Every structure is written in C-alpha cells, then in structure tokens.
Amino acid sequence: MGRTLNDVLQLCKDNDIKIVDFKLTDIDGRWRHLSIPVERLTENTMKYGIGFDGSNYGYAPVESSDMVFIPVLDSAVIDQFAQVPTLSMIGDVMVIARPENYPFDQYPRNVAKRACEYMRELGIADEMIIGPEYEFYIFDDVRFSTDPHSSGFEIDARQAQWNGFAENNNKGYILRNKEGYHSCLPMDINNDLRSRMCLCMEDWGVKVKYHHHEVGGCGQQEIEVELGEMTKLADATMTTKYIIKNLAASEGMTATLMPKPVAGAAGSGMHVHMLLMKDGKPVFFDENGYAQLSETALYFIGGLLKHAASICAITNPSTNSYKRLIPGFEAPVTIGYAMANRSAVVRIPAYAKAPEDKRFELRNPDATCNPYYAYAAILMAGLDGVINKIDPHAQGWGPFDFNLYDLPDEEKAKLGGLPASLGEALDALEADHEYLTRGGVFPERLLEVFIRRCRKADEAVARMPHPAEFSMYYDL
C-alpha cells in the first residue's frame, strides 16, 4: 500500500519539517516549485490541490489556464538542499472544471502515464521498463555571456589536460582528452562527490546500479540506475538531475548535463535501456531469435528506427544536442541496430542474457530532453513498430555487426542518418508525428507549441554571431 496523508504528516513531525515544497515540471523539462507551511498540508490539499497559472509553464492555452497540483504522497522525501527543514513532493496536474477536474493532457507526467495506459489497452504489454544512463560533466568554474557586444564561454576543471602547467593542479595526475574512462584515484578527483550523489539518490528512492568516471578527461562522469517502470524512472530522471546539480553546487563546483560542453571532448548522452513485461513475463526474449530477441522486440526496434528522425526532436531538443551526434565520439549518427555495437542507434547489450534482462538501448537521447515526453515518445514509436510489424532487417537497418563509422560515405548515405541539426529534427517531427497522437497520448496543440518553442531557440542561436566566426572571418 502507498503512503497516506497521515504517514506523510507523521514523517513531517518526526523530522521537524517546517515547509512542504511541491515540484512541478514545465514544458522544457525543468523543475519549478512552490512551497507551503507544513500546517497547510491537509486533506483539502489532496482533494482540491494547489492552484497555479499553467500558462507560465510554456504549455498551450486551454479554456482556462487555472490548474491544480495534486501531490503524490509516495514521492515525499526530505530535501537536504534546503536550509529550512523541507519536505519535497512531485505531483500530477489537473484542469479546474465542473463537475470534476480532469488531467491536463499536456502536463509531462500525464503524457507519460497516458502512453503506458495506451500500451496496456493495445494488449502488447503491462509495463514499459527502462534504465537511463546519466552522463554529465563536473567543472570547477563556468562563465558565459550572450550580450550583443560580447559572446563566449570559459570553463575550467582542475583535472583537465590544459591545466598541466597551472598552479594548484593535480600534481601531475591530470587526465588526457578522451582518456578518462574508468580512471582511478588520484586522477578521479570527483569520486567521493559522485558517491555522495549516488547515496543521495538512494535516499530519494532512486536505485543506483554503479558510477564511474567517463571518457571525457576534463571531468565527465556517469551514473547508471537500475531498471524500473517508465513513469517512475521519468520521476527519477528529474530527481537525479536535481541532485547532481545541487550537490555539485554545495561543494563549490558546477555540473552540467548538456550534450557537448567541450569541443573535441566526449559528449554526454542519456542512453535509454528498455524492455516490455506482460503478466510478469519478458516480452522481448526469444532464445532462438537474433541476439535472443523476440519478434515483438525486433518490431519495436523497427518502430524506433522508422521514427528515429522525428524522435530526435523530443529526445534531443537542443541546438547543442547535434554537436554531440557526430562521428568519432561513440555517438550514433547512422540509423541501424546491432548487438554490442556502440556506433548503432539501437544497441543490444551482449551482457544482458537472462530472459528478464533481455533488452536494447536507444543511444541518441540526451538529458536536455523533457524525460516524460522523451520516454513516452520512445514507447509510442516502438508500439507503432509492433502494430505495423516493421521488420528492421527487411527495411535494411541491420543488424550491423561492424563499426558503422568505418563505412564509406556512399554506403552510409544508403542507410540514412539522424538529423544533423535541431531544425532538421523539427522538420521530421512536423512531417511524422501521427504515431505520437494515437490514443490521445500527445495532444496536437502540445506538439505545435513544443515545435514553435524549439524553432525559436534554434533561430536565436543561428542569428547570433559565433566566436569562431571572428577567428575565421574578421580579417577578410
């Protein structure tokens, strides 16, 4: 059984909680929050919710922009980043209406929940199980400016190769570019901070699989979590990003999950492992199938690959995303699938052999996405593949059991690739989104405003003079 209001109030009493903080997700995937004194948390809060103006969160207007936030009691956790004793909760958003409130169909958590309901209605599976991998950088300092007369950025990491002659460096224990993978102490100077992040995640109910230093020598990290139900893992993704950023800040450092903060260094993705379960049994396992995958699993892959370009607009919604999706950095650029091949968009881990573990991962997503929308879009694309029996092998998408980066350009052109820019991804989403709107999962008005917001950001970056342009063209 889940927590009751009395359970939460007792938790507040036992920990001398003064403030209850409600965290809501906006259209871009950022947490916003509002707080109440603990005495205001009552049965009426659970029945009538906390009112707010949804138009300020980026969503398309509805007949009334007045929303109510209904807390999810099971999400209650002590927020150690607040100085005043504070209990944190996420929740669901409803539209105020008569005779009854109804779920706001654009709210990210409601979209994810509806995608799972649609999957169950189809009878394909009961649960979508996922496991994201969080890659990020920890820097000692970051500065940036986008003023009309001054544009640029500067970052620093004590362990970076460029600090070999700097004062207060690592006493010779620096990490060379692209040589950070699984580096050990004393080079791995953020090991303890990463451990504290993982322990904090466990306190917040996010189960950690492992953590380590990643390839990027100037401070790239990875934390991988255990598999879990899709909506709960979307909640966990928001929690993880909050913990990573706040704990780094509390240590006088800064953390970013942006895909490509350092030119020429490894980019940060958010690979998503996935499998389906029905009646407690794995849907994706077949001992005699390719890589022990079932026909349903291959059809699911077919859906992901068919819609790969349009999915990118949701799983990689930033201009910076496409500075990561380039050859040579273990990021996929060619549409295809294979076993244990990191150059493929869909990779089947060779180590996942047990029937209940049989899965594959989508390697293009990054953490600039709104996780609720991204995971829902991934599910909807896969379901489309199952419904229409899209065979990835028959479509010429693999399996490619060789390094796709080594293919000649003319062969790569035959396969097709991921979008090279946010604009291309948005074009693909405009042309290919019917699979997302089925079952009322993604409202058309949500996609319209999402595309409009992303295009505005894309155009703003495209119109801004770049520091590299001064280097290349100033003297012409």
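The values are calculated or read from the model by the stated rules, or taken from the named source; none is laboratory data. Worth saying up front: this structure is predicted, and the values here are computed from it rather than measured. Neighbour counts run over all protein chains shown; Cβ positions are idealised from the backbone, glycine included.
Restricting to the range 105-159, count the residues that are among the charged types (D, E, K, R), under 26 Å from LEU227 (Cβ atoms) and touching a residue at least 40 places away in the same chain (Cβ under 8 Å).
Here is the first cut: in the range 105-159, the ones among the charged types (D, E, K, R) are 105, 109, 113-114, 117, 120-121, 126-127, 133, 135, 140-141, 143, 147, 154, 156, 158.
Cutting the leftovers down to under 26 Å from LEU227 (Cβ atoms) gives us 109, 113-114, 117, 120-121, 126-127, 133, 135.
Narrowing further to those that are touching a residue at least 40 places away in the same chain (Cβ under 8 Å): 109, 113-114, 117, 121, 126-127, 133, 135.
Qualifying residue count for the region: 9.
If TYR435 satisfies all but one of (1) more than 30 Å from ARG114 (Cα to Cα); (2) of a type in the set (Phe, Trp, Tyr); (3) buried (at least 17 other Cβ atoms within 10 Å of the Cβ), what's the number of the condition it fails?
Here TYR435 meets the rest and fails (1).
Do you know which residues across the range 129-162 are crowded, with 23+ Cβ neighbours inside 10 Å and assigned to a loop (DSSP other than H, G, I, E, B)?
Those that are crowded, with 23+ Cβ neighbours inside 10 Å and assigned to a loop (DSSP other than H, G, I, E, B): ALA157, GLN159.
Pull out all pairs, ordered by first then second residue, where Cβ-Cβ is under 7 Å, the residues are six or more apart or on different chains, the first lies in the range 57-86 and is closer than 19 Å to LYS232 by Cβ and in contact (Cβ under 8 Å) with a residue 12 or more places away in the chain, and the second is among the charged types (D, E, K, R) and assigned to a loop (DSSP other than H, G, I, E, B).
Within 7 Å, the pairs are LEU73/ARG3; ASP74/ARG3; ALA76/ARG3.
It is to be established whether one or more residues within the range 295-313 are out of contact with any Cys (no Cβ under 8 Å at 6 or more places or on another chain), of a type in the set (Phe, Trp, Tyr) and closer than 30 Å to LEU415 by Cβ. It would help to see each step written out before you state the result.
At the first step, the residues of the range 295-313 found to be out of contact with any Cys (no Cβ under 8 Å at 6 or more places or on another chain) are 295-312.
Subset that is of a type in the set (Phe, Trp, Tyr): 299-300.
From what is left, the residues that are closer than 30 Å to LEU415 by Cβ are 299-300.
Among the residues of the range 295-313, at least one is out of contact with any Cys (no Cβ under 8 Å at 6 or more places or on another chain), of a type in the set (Phe, Trp, Tyr) and closer than 30 Å to LEU415 by Cβ, which makes the answer yes.
Which residues, taken from the range 234-278, are touching a residue at least 24 places away in the same chain (Cβ under 8 Å), not aliphatic (A, V, I, L, M) and not in a loop (DSSP other than H, G, I, E, B)?
Scanning the range 234-278 gives ASP235, THR237, THR239, THR240, LYS241, TYR242, ASN246, SER250, THR254, THR256, HIS273, LYS278.
Quick one: in the range 275-297, of everything that is aliphatic (A, V, I, L, M) and under 14 Å from ILE124 (Cβ atoms), which residue is farthest from the chain's Cα centre (by Cα)?
Among those residues, the one meeting the criterion is VAL283.
Which condition breaks for GLN221 when tested against (1) in a strand (DSSP E or B); (2) polar (S, T, N, Q); (3) at pLDDT below 95?
(3)
Can you find, within the range 82-128, the residue that is surrounded by the fewest Cβ atoms within 10 Å (Cβ to Cβ) among those that are hydroxyl-bearing (Ser, Thr, Tyr) and not in a loop (DSSP other than H, G, I, E, B)?
Across the range 82-128, the extreme among qualifying residues is TYR102.
Which of the numbered conditions does VAL386 fail, given that it passes all the others? Conditions: (1) outside any loop (DSSP other than H, G, I, E, B); (2) modelled with pLDDT under 95; (3) of a type in the set (Val, Ile, Thr).
Answer for VAL386: the failing condition is (2).
Please tell me if ALA367 is surrounded by fewer than 18 Cβ atoms within 10 Å (Cβ to Cβ) and of a type outside the set (Lys, Arg). Don't jump to the end; show me each part of the working.
On the way: surrounded by fewer than 18 Cβ atoms within 10 Å (Cβ to Cβ): no; of a type outside the set (Lys, Arg): yes.
No; evaluated as a whole, the condition is false for this residue.
Report yes if some residue within the range 291-305 is more than 23 Å from ILE390 (Cβ to Cβ), surrounded by fewer than 20 Cβ atoms within 10 Å (Cβ to Cβ) and in contact with a Lys or Arg (Cβ under 9 Å, 6 or more places away or on another chain); otherwise report no.
No, the range 291-305 contains no residue that is more than 23 Å from ILE390 (Cβ to Cβ), surrounded by fewer than 20 Cβ atoms within 10 Å (Cβ to Cβ) and in contact with a Lys or Arg (Cβ under 9 Å, 6 or more places away or on another chain).
Look through the range 311-345, keep the residues that are modelled with pLDDT of 95 or more and of a type in the set (A, V, I, L, M), and return whichever of them is nearest to the chain's Cα centre (by Cα).
ILE314
Looking at the range 317-331, can you tell me whether even one residue there is within 30 Å of GLY123 (Cα to Cα) and of a type outside the set (A, V, I, L, M)?
Within the range 317-331, the subset within 30 Å of GLY123 (Cα to Cα) is none.
No: zero hits.
Residues are listed down the side, and each one gets a yes or a no for (1) assigned by TED's automatic domain parsing to the domain that holds GLY269; (2) modelled with pLDDT of 95 or more:
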residue: ASP366; (1), (2): yes, yes
residue: ASN403; (1), (2): yes, no
residue: VAL441; (1), (2): yes, yes
residue: LEU447; (1), (2): yes, yes
residue: GLU469; (1), (2): no, no
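If you check LYS171 against the conditions, is it assigned to a loop (DSSP other than H, G, I, E, B) and either farther than 30 Å from ALA374 by Cβ or in contact with a helix residue (DSSP H, G or I) (Cβ under 6 Å, 6 or more places away or on another chain) (or both)? Please lay out each step first, then the result.
Numbers: assigned to a loop (DSSP other than H, G, I, E, B): yes; either farther than 30 Å from ALA374 by Cβ or in contact with a helix residue (DSSP H, G or I) (Cβ under 6 Å, 6 or more places away or on another chain) (or both): yes.
In short, yes.
What residue, among those in the range 174-201 that are aliphatic (A, V, I, L, M) and more than 30 Å from SER75 (Cβ to Cβ), is surrounded by the most Cβ atoms within 10 Å (Cβ to Cβ)?
LEU175
Here is a check on your reading of the model: is PHE52 at pLDDT below 95 and either assigned to a strand (DSSP E or B) or buried (at least 20 other Cβ atoms within 10 Å of the Cβ) (or both)?
For PHE52, the condition - at pLDDT below 95 and either assigned to a strand (DSSP E or B) or buried (at least 20 other Cβ atoms within 10 Å of the Cβ) (or both) - is met.
Given the options CYS218, CYS198, name the one that is assigned by TED's automatic domain parsing to the domain that holds ALA160, within 18 Å of the chain's Cα centre (by Cα) and within 19 Å of LEU257 (Cα to Cα).
CYS198
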